[in-house]
Amino acid sequence: MGMIIGIDLGTSTTEAAVLRDGKPVMVLNFDGRADTPSVVGLDDSGNTVVGEKAAAQLLLSPDRTVREVKRLMGSKEKVRLGTRVSSPVEISSMILSYVRNFAGKYLGEDVDRAVISVPAYFDEIQRQATVEAGKLAGFTVERILNEPTAAALSYGISHLEEESYILVYDLGGGTFDVTLLEMFDGVLEVRASSGDNQLGGKDFDGRLVEHLSERFRQKHGMFPEDDIYAMARLHQAAVECKIALSGQEEYRVLLPVFAETDGIPLEMDETVTREQFEELIMDLLERTHDPIDVVLADSGVAAADLERILLVGGSTRIPLVQRDIEAYLGKKPSFQVDPDYAVAQGAAVQAGIISGQIDGECGIMITDVNPYTLGIRTLYGYSADYMSVIIPRNVTIPVTKKQKYFTSWDGQTDADIEVYQGESKSVERNHRIGNFRICGIPAGPAGKEQLEVAFSYNLNGMLNVTATVVSTGAEASITIDMVQADLESETRVDVEGWKEAPLAADYRTIIRRAERWLKKHEGDAGHEEDAEELEELLYRLKRAVLEDDGFGAEALEDEIRDLLEV
């Protein structure tokens with residue numbers, strides 16, 4: 001079947017490891033290093049370069065180089081490399097392809113199977129994007145593994161007899177995760193996870209860049225932001241400054257000929273103290289407290305019951321991070337795993353479990369949880385904006401849960417099943433991750449027929465949803481895969497005939513008002529998000545009118561009015 005490697009596809013760097021003699025070993029890249037910059041670029045000849053070579057050209061060719069693409073995974077945003085435009089999935093696949101190549105050379109055989117880690121708080125779309133990137137790189141992705149769980153595996157493989165509650169605090173380059181686990185009898189059970197996908201070392205770098213840019217403006221009366229070459233140098237200097245301040249009290253940022261005005265060269269020369277840096281990032285660190293509270297509350301474990309706090313991710317080397325978590329939880333954290341390599345090593349342990357190198361009976365076993373609440377849109381009273389929960393957050397997976405629902409109107413013969421992920425009772429405040437339609441419901445009075453909706457969530461974080469007509473057994477299902485297929489466009493119907501529907505007269509005014517607003521603000525960048533939301537609401541209102549869905553139309557009218565009045 002071939003060897004399985006573990007990969008930590010990180011925001012700043014990417015690492016790979018393999019299990020050897022029951023222990024994870026780091027796989028070295030073509031430069032003889034265990035860490036590979038998660039950077040992709042085009043060289044002067046238009047060839048793709050990855051890792052150190054790409055990172056080396058950041059200062060000279062920032063327009064042909066991209067980094068930190070992990071935060072874009074699952075989005076529709078495009079990435080520009082010179083004149084070439086790629087998706088985040090394609091960029092990530094280039095990094096993974098590079099990993100596959102150097103792993104093959106290092107291990108002496110072709111490597112086409114992998115366990116790839118993701119932040120615990122990645123949603124379904126981001127997880128599937130990661131799977132797709134692996135496939136494009138030529139990997140069979142055997143498992144998508146949450147990063148804190150991977151770090152705990154790295155620790156647990158050497159502590160099989162331990163019984164304890166462990167909090168994994170994972171602050172990397174672009175994401176933050178916190179996970180509480182229980183270890184007992186060689187079992188590693190995830191009790192709860194939470195996090196912030198927009199918090200990490202990148203944000204600390206950004207605060208330094210803002211600070212240094214402002215100091216430069218104060219001295220020289222000009223902003224460097226419009227010069228991408230100057231900003232690339234400044235970003236690199238900020239990273240070096242951040243790293244240096246973990247070991248020393250101050251750092252001098254000196255960039256000769258940083259910018260120029262009227263042909264006169266200007267230098268950047270600023271000394272940043274550790275105290276200044278800590279003041280710049282303190283509010284960002286405070287954002288880690290809420291996820292910690294969520295994990296403790298969901299797991300039912302008090303901070304005083306924690307035996308160990310494991311620090312993972314390069315950003316945990318910052319002294320303030322360590323002091324902050326100790327002050328908040330009343331316990332000193334520890335580096336009992338390598339903060340840079342623990343995730344890749346844990347992924348290699350998981351690969352060993354899958355391949356059979358680690359005996360499931362006398363070795364380590366793991367469970368995991370789903371980090372988000374999952375459910376569907378249903379009618380609740382007169383509102384069509386209600387999130388009916390099927391799988392609550394932090395339920396142990398794999399899991400299958402079912403709920404039964406009744407038809408909503410007389411003569412109903414089909415139903416749209418809209419799947420959402422999030423913590424609000426309002427589906428509009430949650431994240432729609434897919435939808436499908438079930439047909440063949442016997443026509444009858446509202447409430448007569450039952451639909452059973454089943455959610456099956458597996459260890460890869462993939463979700464299968466099945467709807468069944470109880471009386472006939474008619475069935476429809478979907479596996480959420482938002483990368484390979486745009487599910488929204490697949491189920492859209494032509495709503496141009498709404499004007500002829502019986503409900504048209506009741507909603508013509510609000511529809512016309514919304515259409516006038518869209519026309520007025522066409523191309524207005526300041527209203528782009530509102531316009532996208534309004535277009536979607538308008539489509540759904542026309543569809544509700546067309547389908548004679550009075551309850552849904554009324555709720556959508558209220559939402560449109562609220563949006564137009566903001």
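The values are calculated or read from the model by the stated rules, or taken from the named source; none is laboratory data. Just so we're clear, the structure is a prediction, and the values are computed from it rather than from any experiment. Please note: Cβ atoms are built from the backbone with ideal geometry, for glycine as well, and neighbour counts cover all protein chains shown. When the accessible area is computed, the model is the full protein with side chains, heavy atoms only, and any ligands, DNA or RNA have been set aside. Shrake-Rupley method; radii C 1.70, N 1.55, O 1.52, S 1.80 Å.
The figures follow:
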| read-out | value |
| --- | --- |
| Region 213-230: number of residues that are assigned to a helix (DSSP H, G or I) and open to solvent by 40 Å² or more (accessible area, probe 1.4 Å) | 8 |
| So residue 547, is it farther than 26 Å from residue 446 by Cβ and free of Cβ contacts under 8 Å to residues at least 60 places away in the same chain | no |
| Helices (runs of 4 or more DSSP H) wholly inside region 266-331 containing at least 1 residues that are closer than 23 Å to residue 211 by Cβ and touching a Phe, Trp or Tyr at 6+ places or on another chain (Cβ under 9 Å) | 274-286, 319-329 |
| Yes/no for residue 74 being modelled with pLDDT of 90 or more, small (Gly, Ala, Ser) and open to solvent by 20 Å² or more (accessible area, probe 1.4 Å) | no |
| Identity of the residue in region 151-161, in contact with a Gly (Cβ under 9 Å, 6 or more places away or on another chain) and open to solvent by 40 Å² or more (accessible area, probe 1.4 Å), that ends up nearest to residue 188 (Cα to Cα) | 160 |
| Enumeration of residues in region 1-12 that are of a type in the set (Ser, Thr, Tyr) and either at pLDDT 95 or above or open to solvent by less than 10 Å² (accessible area, probe 1.4 Å) (or both) | 11 |
| Single residue of region 508-542 satisfying the filter (among the aliphatic types (A, V, I, L, M) and within 18 Å of residue 552 (Cβ to Cβ)) that is surrounded by the most Cβ atoms within 10 Å (Cβ to Cβ) | 541 |
| Residue match in region 356-366 (condition: modelled with pLDDT of 90 or more, open to solvent by less than 60 Å² (accessible area, probe 1.4 Å) and under 28 Å from the mean Cα position of the chain (by Cα)) | no |
| Among (1) of a type in the set (Ser, Thr, Tyr); (2) part of a helix (DSSP H, G or I); (3) modelled with pLDDT under 90 - the single one residue 121 does not satisfy | (2) |
| Subset of region 1-23 (residues that are within 26 Å of the chain's Cα centre (by Cα) and either at positive phi or in a strand (DSSP E or B) (or both)) | 4, 5, 6, 7, 8, 9, 13, 14, 15, 16, 17, 18 |
| Subset tally (residues that are surrounded by 19 or more Cβ atoms within 10 Å (Cβ to Cβ) and of a type in the set (S, T, N, Q)) for region 130-143 | 1 |
| Residue tally, condition under 14 Å from the mean Cα position of the chain (by Cα) and open to solvent by 10 Å² or more (accessible area, probe 1.4 Å), over region 90-129 | 5 |
| Of the criteria (1) open to solvent by less than 40 Å² (accessible area, probe 1.4 Å); (2) outside any strand (DSSP E or B), which one residue 210 fails | (1) |
| Cross-chain or 6+ apart pairs with Cβ under 6 Å, region 312-327 first and without any contact (Cβ under 8 Å) to a residue 60 or more places away in the chain, then open to solvent by less than 10 Å² (accessible area, probe 1.4 Å) and part of a helix (DSSP H, G or I) | 324/285 |
| Matching residues in region 13-28 - criterion: being open to solvent by 10 Å² or more (accessible area, probe 1.4 Å) and either within 17 Å of residue 93 (Cα to Cα) or touching a Lys or Arg at 6+ places or on another chain (Cβ under 7 Å) (or both) | 13 |
| Strands (runs of 3 or more DSSP E) within region 132-197 that include 1 or more residues small (Gly, Ala, Ser) | 164-171, 187-196 |
| Output for region 379-434, where each listed residue is of a type in the set (A, V, I, L, M) and under 21 Å from the mean Cα position of the chain (by Cα) | 391, 395, 397, 419, 427, 433 |
